Every structure is written in C-alpha cells, then in structure tokens.
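Have a look at the structure below, then the notes.
Readers should treat all values here as calculations from the given coordinates under stated rules, not as data from a laboratory. The structure presented is a predicted model; accordingly, all values stated were derived computationally and were not measured. Here the Cβ positions follow ideal geometry from the backbone for every residue, glycine too, while neighbour counts run over all protein chains shown.
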Amino acid sequence: MSDALTDTRHREIAVEHLLFWTMRYVEAQHPGLLDSLEASLDKLGDPTHGAEKDDDAVRHIAAKMIAGARD
C-alpha cells in the first residue's frame, strides 16, 4: 500500500509527463507557445513563505521543462 507522499510523487510525475507532451504538441501546432511560456517565467514564484521559499528554484525547473520541450 502506498502512502500519501508516494501518491503525491506519482501524481507529480504523471502531471509533468502530460504537461510536457502537451507543450510539445501545442508548440508543433502553434509555434510560439514555448517562447510565450519562457517570457512569463519572471512572474512565476514559489508560493511558500519562510526559509523554504525559493522563487529561483521554481523558475529554474520551469525553464528546464521549456528547454526540454524544445528538443
């Protein structure tokens, strides 16, 4: 039996996979999506408060996803 943390991790992996392939598909049909997403990264932030807040880490992950979708 899986615990809540494992379920969350599995859900995150599934969502990232589906989002990544959706980004690639839409970009192929409508070039410019990835450029638009990349331009929006300055608006992205970590909603956490306190010492664990790391906007740059969140932006870095998103930028890596965009770069991966370009390949």
>> Could you give each residue of the range 37-46 its phi-based ³J(HN,Hα) in whole Hz, using Karplus coefficients 6.51, -1.76, 1.60 with θ = phi - 60°, and x for Gly or Pro?
In response: 4, 4, 5, 8, 4, 5, 8, 7, x, 8
> Taking a point 7 angstrom from the Cα of Val58 along the C-beta vector, which residues in the range 33-51 have backbone N less than 17 Å away?
Replying inline: 37-51
>> Could you give the length gained by full extension between Leu5 and Met65, i.e. 0.36 nm per residue of separation minus their alpha carbon distance, to one decimal place?
In response: 19.3 nm
> Just going by the charge dipole of the chain, with Lys and Arg at +1 and Asp and Glu at -1 on Cβ, which of Thr48, Ser2, Thr22 is farthest out on the positive end?
Replying inline: Thr22
> How big is the chain on each of its three principal axes, counting only the C-alpha atoms and giving the largest first in Å?
Replying inline: 40, 33, 15
